[in-house]
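A.B. asks: Could you have a look at this structure, given as structure tokens, before my questions?
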Amino acid sequence: MAELGIEVKDLNFSWSSGENVIKSCSLEVPRGEFWMLLGTNGSGKSTLLRLLAGLLTPQSGEIGLLHPVGFVFQNPDHQLVMPTVGADVAFGLVEEKLPPAAVRDRVEEALGAVNLLSLQKRPIYALSGGQKQRVAIAGALARRCEVLLLDEPTALLDPDSQLELVAAVRRLVKSRGITALWVTHRLDELNYCDGALLLERGSLVDRGEPQRLKRRLMELHDETSPNLGV
Ligand SMILES: Nc1ncnc2c1ncn2[C@@H]1O[C@H](COP(=O)(O)OP(=O)(O)OP(=O)(O)O)[C@@H](O)[C@H]1O
Ligand SMILES: [Mg+2]
């Protein structure tokens, strides 16, 4: 079996209100592969990503993943904290206590990778949504993340920017051997991943070849209401 970048076994999580939102969930993502996580609204995708990132603690089960872990939120305004692009990417390196020249190198390399080097001094407020997502991704790259978790990073983007971002992330994670898990409702993005996982009511109900999952979801979409949420 291929070495794994992410491994989850029999995970259970409930909010204090009671009912389990993650139920006996097990999944694997092979190391260095780009996988997508699908499921209707409320199926538990964001909760699962937060559990993987260590932002929530499960009631039971096991989580194994390579470190460091990078997390890109659906709304980049929730994670960009510094006034300029360069300062924000550098901020994520504070804990590593690197010498200033090393921080500069890492920031420039990461911004170069997401094609934002020329905007290093730009204030965050003067960026487009897609550019903000790229800054958030650069922050994870600068920290040399082994695993990258992205929660609907294209939800705020127009169709052109959306496909541009997914293609850019695919190129980046592939060239760096990063294991990535990308949450999406947009089926056209499945063309860019190595494999996909389908979550229903907190449990994994399907996994595998992206085009097969895409067909399965399109059939469901045809049979029920168009507002399925996937
Ligand atoms: N902070 C919270 N406290 C209590 N319940 C929550 C909290 N956050 C989410 N939930 C509930 O947990 C369940 C799973 O939510 P989650 O956000 O993980 O779904 P999702 O699959 O990401 O949905 P979406 O596609 O809408 O983003 C939902 O029933 C939701 O109402
Ligand atoms: Mg969500």
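A.B. asks: For region 75-182, what is the largest minus smallest coordinate of the Cα atoms on each principal axis, given in angstrom and ordered from greatest to least?
C.D. replies: 40, 32, 23
A.B. asks: Under 24 Å between alpha carbons: how many lysine pairs meet that in the chain, if sequence neighbours fewer than 8 apart on the same chain are excluded?
C.D. replies: Count of close lysine pairs: 11.
A.B. asks: For q = 0.13, 0.14 Å⁻¹, what log10 I(q)/I(0) does region 40-120 give under the Debye formula with an equal point scatterer on each alpha carbon and no solvent?
C.D. replies: For the requested q values the scattering log ratios are -0.57, -0.65.
A.B. asks: Here's another thing I want to ask about it. With bins 5 Å wide starting at 0, give me the P(r) of region 1-53 over every alpha carbon pair, in whole percents.
C.D. replies: All Cα pairs, binned at 5 Å, distribute as 5, 17, 27, 27, 14, 7, 3, 1 percent.
A.B. asks: Step through the residues of region 188-203 one at a time and calculate ³J(HN,Hα) from phi using the Karplus curve (6.51 cos²θ - 1.76 cosθ + 1.60, θ = phi - 60°), rounding each to whole Hz and writing x for Gly and Pro.
C.D. replies: Values, residue by residue: 5, 6, 4, 5, 9, 9, 8, x, 9, 10, 10, 9, 9, 6, x, 10 Hz.
A.B. asks: Could you order peptides 15-21, 55-61, 169-175 by the average number of other Cβ atoms within 10 Å of their residues, highest first?
C.D. replies: Ranked from most to least packed, the peptides come out as 169-175, 55-61, 15-21.
A.B. asks: Residue separation times 0.36 nm, minus the C-alpha to C-alpha distance between Glu3 and Glu108: what's the value?
C.D. replies: 34.7 nm
A.B. asks: For the chain, report the % of Cα-Cα distances exceeding 30 Å.
C.D. replies: Tail of P(r) above 30 Å: 24 percent of Cα pairs.
A.B. asks: A further question on this structure: Using a basic spin-label model with each label point 7 Å from the Cα along Cα→Cβ, how many nm lie between Asn115 and Asp10?
C.D. replies: With each label point 7 Å from Cα toward Cβ, the separation is 4.6 nm.
A.B. asks: Here's a follow-up. Show me the ranking of peptides 68-81, 137-150 by mean Cβ neighbours inside 10 Å, starting with the highest.
C.D. replies: 137-150, 68-81
A.B. asks: Could you give the distance between the Cα centres of region 15-69 and region 109-142, to the whole Å?
C.D. replies: Here the two parts' Cα centres lie 27 Å apart.
A.B. asks: In addition: Ranked highest first by the average count of other Cβ atoms within 10 Å around their residues, in what order do 88-97, 120-129, 176-185 fall?
C.D. replies: Taking the mean over residues of other Cβ atoms within 10 Å, the ranking is 176-185, 88-97, 120-129.
A.B. asks: Report the extension gain between Arg31 and Lys174 in nm, rounded to one decimal, defined as 0.36 nm multiplied by the number of residues separating them, less their alpha carbon distance.
C.D. replies: Length gained, Arg31 through Lys174: 50.4 nm.
A.B. asks: To continue, here is another question. What do you get when you divide the Cα radius of gyration of region 123-167 by 2.2 N^0.38 Å, with N the number of residues? Could you put the intermediate results ahead of the total?
C.D. replies: Details: Rg = 11.0 Å, N = 45, 2.2 N^0.38 = 9.3 Å.
That works out to 1.17 for region 123-167.
Throughout, read-outs are computed from the coordinates displayed, never taken from laboratory work. A quick note: this is a predicted structure, and the numbers were derived from the prediction, not measured. Don't worry about glycine lacking a Cβ; one is built from the backbone with ideal geometry, like all the others, and counts go over all protein chains shown.
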